[in-house]
1. Can you work out the Karplus-derived ³J(HN,Hα) for every residue in region 49-58? Use 6.51 cos²θ - 1.76 cosθ + 1.60 with θ = phi - 60°, whole Hz, and x for glycine or proline.
2. Once R0 is set to 30 Å, what does the formula 1/(1 + (r/R0)^6) return for the Cβ-Cβ distance between Val84 and Arg58, expressed as a FRET efficiency to the nearest 0.05?
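The numbers here are math on the coordinates, done by the rules we state, and not lab data. A quick note: this is a predicted structure, and the numbers were derived from the prediction, not measured. Every residue, glycine among them, receives a Cβ derived from its backbone with ideal geometry; neighbour counts consider all protein chains shown.
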Amino acid sequence: MEDKAQYLPVSPARTGPKIMLFVTGVAVGYAAATLLAPKSGREVRSSLSEFAKTKSDRVAGAVRDVVGATREATRSVTRRVADVMDQGRDKARGAVAAAASSVESGNAPHAGDETTHERAAPGYQ
């Protein structure tokens, strides 16, 4: 038997808060461990400053990556939507041209005619 489990895509809306909660927990744990360790005040401040800078750089890099991926996804979706709209526009123009041609040639469909849609717009379904 096939496993018909459905997998939901990972969405930033669901993972973002969890990641931030984890990063916050790590920072709080590190700060508590550093403050309780037998070091001088200067060493503690230096250590905390280095930790904050490192994590800040990592988070900034992750944000840049997410923003770049989001921009690329937006561009891709925009291109696809524009292509679909162009195709729809072309089909509609073809149907209008076929209907106009049919009316001009006197082959306009009549009400109740079973093939009305076929003669009015050949090739358009």
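1. Rounded to whole hertz, the list is 5, 4, 4, 4, 5, 4, 5, 4, 5, 5.
2. Values: r = 39 Å, r/R0 = 1.30.
With R0 = 30 Å, the Cβ-Cβ based efficiency is 0.15.
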